[in-house]
Amino acid sequence: MPMDVSMFRYVDSLPEENINLASSAMRGMNPEGLGGTDIEEQIARLYGVEKEQVIVTPSNTFASFFTLYHLKKKITSLVTIAPEYPAYHYQAREIGMNASLENRISSDGVDLSPWDVDEKTAYVISNPNNPTGLTWSDESLKSIARETEGNESYLVIDDTFSFFNGTFPKRLETGNTILLGSVSKFFGESGIKMGWIVSSKNIIAEMKERMEIMVPVISASVKRRGTYLLSNISVYKEYNKKKIDENSKILFENLDEFILGYKGNIINAVSVEADSTKFAFSLMADGVSTVPGYYFGSDSLIRIGLGTEDPERTDKGMKLIAKRLSSWKR
């Protein structure tokens, strides 16, 4: 995966008053409130598992790192797709894993079909996919999951965005499946830094043996805030759906022919065919921030987030993107 241009340098260059279509999280609803401290039990209820099948982590990013660290001696390689959230690939390489990308983007969109599962391999995805918002089918996930156990392989699914598509929680009872989640996107609460890992009892038990070495203590106040948020999913869902539906309508009115995803996602990918970083920088000159597909392994798209701006600013931003696309030399 290319990384000639630093993502941090790109983000740092965003103007403060830009129209923010780069964020993949919600903004605009943040009521105060605290719940109980037994967050593991609450997450277990959401997934329909037992408390012993849950680990709470300081963030989703930490959850993915801890998972890969745990799997390092159990597998010989890690596979993910492009386009996909790049942290898994980078984290795997950072800890010395043999990590590879499989290109799943074409002129027809993004192919989210099953893999032929190799022995001792971890298959890592986000579901819905980040950056396109496309959802892996149940058939695809079950097909991969069924093969992992016999092959001593693993399917790792980051389902943080599944809160948005109405199918949360997704529980896979077969194979060596590990689920990762977070409150950062749906609830817009990245500040409290809380994620989780859900898997079978034996996988979680093995992970817990390393927790005292690897996992920082999560404060009671963070856990109480987390339980409050998860207790109010329906309230957030109503607010989020209204905002995303409004902004999604604007997106499709302006950019329908360029969209790779489906209506109603918090994140969507728009085809620019090539030079996504150059295109994104040109948008910044117009006062609109997006995320280049370059960072997701596919330089042919940009990611647009619909959870931050209100409709008036979203409409202005979409029109500027459409205008830039009409004159973009591809």
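The table below gives the values:
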{"quantity": "Normalised contact order of the chain, rounded percent, pairs of Cα under 8 Å and 6 or more residues apart", "calculated": "26 percent"}
{"quantity": "Calculated FRET value between S221 and E173, using beta carbons and R₀ = 45 Å, to 0.05", "calculated": "0.85"}
{"quantity": "Region 203-243 residues near the modelled K74 label - backbone nitrogen below 20 Å, point 7 Å along Cα→Cβ", "calculated": "203-216"}
{"quantity": "Space enclosed by the convex hull of the alpha-carbon atoms of region 72-131, per residue, Å³", "calculated": "79 Å³"}
{"quantity": "Axial C-alpha extent at least 30 Å, average Kyte-Doolittle at least -1.0 - helices from the chain (DSSP)", "calculated": "233-255"}
{"quantity": "Cβ-Cβ FRET estimate between D256 and D286, R0 fixed at 22 Å, reported to 0.05", "calculated": "0.60"}
{"quantity": "Cα-projected label distance for M211 with E52, points at 7 Å along beta-carbon direction, nm", "calculated": "1.3 nm"}
{"quantity": "Net lengthening on full extension, E32/V235 (0.36 nm per residue, minus Cα-Cα)", "calculated": "71.8 nm"}
{"quantity": "Helix-only mean residue ellipticity at 222 nm for the chain, each DSSP H run of n ≥ 4 adding -39500 (n - 2.57), per residue, nearest 500", "calculated": "-11000 deg cm²/dmol"}
{"quantity": "Straight-distance crosslink candidates among lysines, where the alpha carbon sits under 18 Å from K72 and sequence neighbours closer than 8 are dropped", "calculated": "K120, K208"}
{"quantity": "Calculated over the chain: convex hull of Cα atoms, volume per residue (Å³)", "calculated": "128 Å³"}
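Rule-based calculations on the coordinates, nothing more; no lab input. Nothing here was measured: the structure is a model prediction, and the numbers come from that model. So basically every Cβ, Gly included, is an ideal-geometry build from the backbone, and we count neighbours across all protein chains shown.
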